[in-house]
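Asker: Mind having a look at this structure? Questions to follow.
The values are calculated or read from the model by the stated rules, or taken from the named source; none is laboratory data. Remember, it's a predicted structure, so these values are computed and weren't measured experimentally. Methodologically, a virtual Cβ is constructed for each residue, glycine included, from the backbone with ideal geometry; neighbour enumeration extends over all protein chains shown. SASA here: full protein model, heavy atoms, side chains in, ligands and nucleic acids out. Shrake-Rupley method; radii C 1.70, N 1.55, O 1.52, S 1.80 Å.
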Amino acid sequence: MAIEVASLPNPARTLSFRRLAASLTSFLQHDPLSSQRLIIRTLCGVLAITLVIAGDSLLRSYKYYSRVVDARLANGYLTSRPGLYAAPRTLRIGQKLSRENLIVALRRAGYVKSEGSNVWSGSFQEIENGIEIRPSAIQVRSPMVVIGIDHDDRISGLQEDGIAVDDFTLEPEVLSNDLSSKGGKREAVQYTEIPPVLIHAILSTEDRRFFQHPGLDVVGIARAIVRDADDSSLGQGGSTITQQLIKNTYLSPERTLQRKYAETMLAYALERRLSKEDILALYCNEVYLGQRDAVSVRGVAEAAQLYFGKQLKDISLAEAATIAGMIQGPMRFSPTQHPEAAQSRRNVVLEAMARDGWITREQVAAVANNPVSVTAPTHSDNSLAPYFVDYVTRTSSAQFDASPTSQRIYTTIDLDLQQLAEQALQHQLEQLKVTHKNATPQVALVALDPRTGNVLAMVGGRDYAESQLNRATDARRQPGSTFKPFVYAAALEDGMSPVQMFSDAPREFVYDHNKTYRPANFGGGYSMHDVTMRTGLVKSLNVVTVDVALQTGLARIANLSEQFGLPKPERYPSLALGTKEVTPLELAGAYAAFVNGGHRVSPQGILSVGEPPARHGTEKAGQQVVSPTTAYMITNMLSAVIDHGTARSARDAIKGTAVAGKTGTSRDGWFVGYSPNLVCAVWIGFDDNEQLGLTGADAALPAWTDFMKAAVDMKPELGGRNFECPEGITFVEIDADNGALATLSCPRREMIAVSDRLAPTVECLLHGNLPETIGVGEVAEVMPETVLTQHSRPPRREPGSNVIPFPGTRIDVDSNGRRTLRNTMR
């Protein structure tokens, strides 16, 4: 019986709840059949409403998780994962990069060699004169890029969607997703590059119905519930490969119903957007497969290389089954840590493959009794910048409310420069084996961008697996003469001229009224005559440096060194010779101020947290610690260190690039130097503070030279023909013996940079006067060619003549064409 509205109590009447309940009870008792129909209809109505509400909620939930997947894919699958990332590599015209190395860089940045893949960062194809990069179909904002490479293996052209551009930035490479161990050098592999035997092994143990289900396998879930799961079972868990991929890349690790629901919705949404082949390829690239030495093994390609020493395409049936078996318990079934358990698990996988018809029972029997065989550990470190990863992890926890396990942290490391740094140090260690047969020293290298403070390369030791102590950031050692530029910077700031004369002879200095200090030059040699302050730094003369320090004031030097970012030394005369211990990172950061116009920038290893970094880094103003003219005068002196000072062995090693730097010898060997766009500090020594027995020029300088030469050759933008010369600097030619303005009769002339207020005003009177007349070309050879390449404001060349007049002179031409060089500085 249908319930009519009229038969119900009139809502206009003021009936109490009790009267209404009594009326309904009387109605149901009066007509039992009608009451049953009413209940059924009510329940059906409630169920229908519930289904509508649930369906609407489910639809809204699916749309939400679909947007999450779309956003992840639109930004590039790799770059959206939590963890540490290297700085995005920027390709520029003129960089040295072969086709083969570019392909390696692309694969490590998440690009695959395919035309149809919608995952990773995009795809690439080899073309006649270079490489063509195509974005994935989902990344509509990314352009199609053509990279031209010439016969000299240099980038000759860049085009985005047919328009020529100056540079193009690749997606960043993953450094580590698991900071309990270091990430290895990985290359993305696509579905067609995975051997069928490995695909079959994974499907048989992880997801038999992968190619049939829509992301959620109801049959598999039911089978997992009714099965008593154990390690010897041939069955699989309830989670599909798609769900496992989602769990490992999208979600946090906690086990809750809400998380399981999100996993299911994300898996279903992902299956609507990617092909099964792409999902399986992503899974095989992302799956965690244990640890070998210090390297976290992620992805089947890396597992094949680290465990079996093979390319992925070359693995055997037994090796494929071993890799597939590790997925369920990467550490429990590790072939290096637990070979017997790995063998047992491998045989389980083989049985599952035979059950599913992928292999025969004869193939199982042929392999089952063989032990798991892994390759011997190699001495080559496959990890990516492990010391830098430790440095950033510590920095991020101290400065940011972020962790690589929950946030994307984009770092400053340039993996190309990192590789060059490791190679340069390894080469030098090989050379040092000749002189140190019984003990191999430790090494450290730090390379910085002097404008931003970004750490571009960092090596903290010769072998991370052997020792995790980061000597670049944590090992404080006496810097020796590499500290001297800060002494001379303080003197210049105090108004001392670089041509002021000091005695280069054994001396005893008195300080604090009655205390004495008697320094000695390195090697015990003295010129026994006066030299310029500039020569004191160029030749690294200890006695002159201490004299400069005492005349400047030890407190002034100590305070200034602290402003440079170095530990503040105690006020003793020995501080001038670099007795206060520092780290290579601190020293590199301090030297950066000399390139950066006297501005100090703090070294940093993190570009951004959460959001991708800006395409082009911004320079930082930094603290002004010395004037631009002082910074440039120090650079000019340190350029002379390489031209004809303690680092002259590096002269002309880096063609077409202005370089400056300083050696340092304590118990260790140091060299810190820079080009206009790159600063690098190298340290070599022993952890127990034993004497290295080599100078900085012999120990550290060769590694610095190898690194800088390779870095500038690969990326010319890191070099530069000139250091930027500020206003207020003039170039004068002096007599190197007395610091006065040189005449043409002076036998040892030197062109120097000096500020206007500190420039010499007195002409040399020891070697005769300027000649009245000169012939064409007679003056042209007195200025070293290095001055023309090292500095941006060389002396001008007189129009119509090949004579180069010096600052403070001019050329007059009379009616007969006779040229007269006249001195204008009286």
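Asker: Would you mind getting me the FRET efficiency between GLN212 and LEU257? Use the beta-carbon distance for r and R0 = 41 Å, nearest 0.05.
Answerer: In this case the efficiency is close to 0.95.
Asker: Might you tell me the accessible area per residue for the stretch 488-561, computed with a 1.4 Å probe and given in Å²?
Answerer: Dividing the accessible area of the stretch 488-561 by its residue count gives 41 Å².
Asker: Heavy atoms of the protein only, probe of 1.4 Å, neighbouring chains included. What is the accessible area of VAL372 in Å², nearest 10?
Answerer: Approximately 30 Å² of VAL372 is accessible to the 1.4 Å probe.
Asker: Follow-up. Compare ASP547, ASP530, ASP449 by solvent-accessible area with a 1.4 Å probe and give them largest first, with all protein chains kept in place.
Answerer: The residues order as ASP530, ASP449, ASP547, largest area first.
Asker: Report, by chain and number, residues whose modeled amide H sits under 5 Å from the one on THR169, excluding near sequence neighbours (fewer than 5 apart, same chain).
Answerer: LEU91
Asker: Could you work out how much longer the chain between LYS310 and ASN514 gets when fully extended? Use 0.36 nm per residue separation minus the Cα distance between them, nm to one decimal.
Answerer: Taking 0.36 nm per residue and subtracting the Cα distance, the gain is 66.2 nm.
Asker: Measure up LYS437/LYS709; LYS96/LYS655; LYS437/LYS580; LYS484/LYS709; LYS96/LYS313 against 22 Å on the Cα-Cα distance and list the ones that go over.
Answerer: LYS437/LYS709; LYS437/LYS580; LYS484/LYS709; LYS96/LYS313
Asker: Right, something else. For PHE686, what residues show an amide H to amide H distance below 5 Å, using hydrogens built from the backbone and excluding near sequence neighbours?
Answerer: Excluding prolines and chain starts, which carry no amide H, the hits are GLN442.
Asker: So who's got an amide H within less than 5 Å of the one on ARG154, skipping anything under 5 residues away but keeping other chains? H placed 1.01 Å off N, in plane.
Answerer: Placed amide hydrogens put LEU97 under 5 Å from ARG154.
Asker: Take VAL52, VAL609 and sort them by solvent-accessible surface of the protein heavy atoms, 1.4 Å probe, largest at the top.
Answerer: Result of the area sort, largest leading: VAL52, VAL609.
Asker: Could you order the peptides 471-483, 148-160 from most to least packed, using the average number of other C-beta atoms within 10 Å per residue?
Answerer: The packing order, highest mean first, is 471-483, 148-160.
Asker: Tabulate in residue order the Karplus-calculated ³J(HN,Hα) for the stretch 362-375, using 6.51 cos²θ - 1.76 cosθ + 1.60 with θ = phi - 60°, rounded to whole Hz; enter x for Gly and Pro.
Answerer: Per-residue couplings from phi come out as 5, 5, 5, 5, 5, 10, 4, 8, 7, x, 6, 10, 10, 6 Hz.
Asker: Hey, with R₀ at 30 Å, roughly what FRET efficiency would VAL165 and GLU611 work out to, going by the Cβ-Cβ distance, to 0.05?
Answerer: Calculated transfer efficiency: 0.80.
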